[in-house]
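Report on the following structure.
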Amino acid sequence: MFSTLDLASAKNEYYNRIGGDSHYAPNKSEVSFELSAMTCKDRGEIIEIMIADYLNENGVESEIHPHLDYDIDLYIQGQHIKVEVKSSMKSKSEGKYQFQCIKPEKFDLLVLAFVDPDHGVVVKTVSKREINQFTENYKRYKKGYTMPFHADHTGPVRTNEIEMMLDKDQVNSVEYHYAK
């Protein structure tokens, strides 16, 4: 009865009608809007693929492993780095992000994907050292730690923009050390 073209037309009309009133809307950020319509599991796995693709495109060898205790294998200067990717959507009521089920013993590097309704996906990294300091001051729940962040992406740990880590000259000249 209806085609995908009919659906796209109706969605377009609907979002034009509500304008910017929706927390996640295509006129603010199409990427964030599309991610907001997914289940938490689907959004997480798609963001993992996006990050692995981005790393590979920028000269950092990476491979997704969906059935391991972490998400991505990275290889920098011959060193194997286990990467965990967590994503969170900005809550409408509080304007905060909550990253959940963080298990520091399972990875070497944590990548946080902030799904921002206005600015798309903001990706930041957290070092193992920062994670270890975090675990000294916060309670671990049965499924792991929860890490809260404010709307401006500030929170209980220091983060770095992923682009800083991925400057190709830096990747080739910096030696990475991770606490075991």
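Taken residue by residue, region 112-127 has no member that is more than 21 Å from Glu161 (Cβ to Cβ) and touching a strand residue (DSSP E or B) at 6+ places or on another chain (Cβ under 8 Å).
Checking the conditions here, which among Asn172, Asn137 is over 25 Å from Cys40 (Cβ atoms), at pLDDT 85 or above, exposed (fewer than 12 other Cβ atoms within 10 Å of the Cβ) and over 17 Å from the mean Cα position of the chain (by Cα)? Spell out the reasoning first.
Details: Asn172 fails: at pLDDT 85 or above.
Unique residue meeting the criteria: Asn137.
For region 81-105, the set of residues classified as surrounded by 14 or more Cβ atoms within 10 Å (Cβ to Cβ) and assigned to a helix (DSSP H, G or I) consists of Pro104 only. For region 40-77, the tally of residues that are free of Cβ contacts under 8 Å to residues at least 60 places away in the same chain, outside any loop (DSSP other than H, G, I, E, B), more than 23 Å from Lys90 (Cα to Cα) and of a type outside the set (Val, Ile, Thr) stands at 9.
Here are the criteria: (1) at pLDDT 90 or above; (2) more than 25 Å from Lys11 (Cα to Cα); (3) of a type in the set (S, T, N, Q). Tell me which single one Thr39 does not satisfy. Only one criterion is unmet by Thr39, namely (2).
The values are calculated or read from the model by the stated rules, or taken from the named source; none is laboratory data. None of the values given here were measured: they were computed from a predicted structure. All Cβ positions, even for glycine, are placed from backbone atoms using ideal geometry, and neighbour counts span all protein chains on display.
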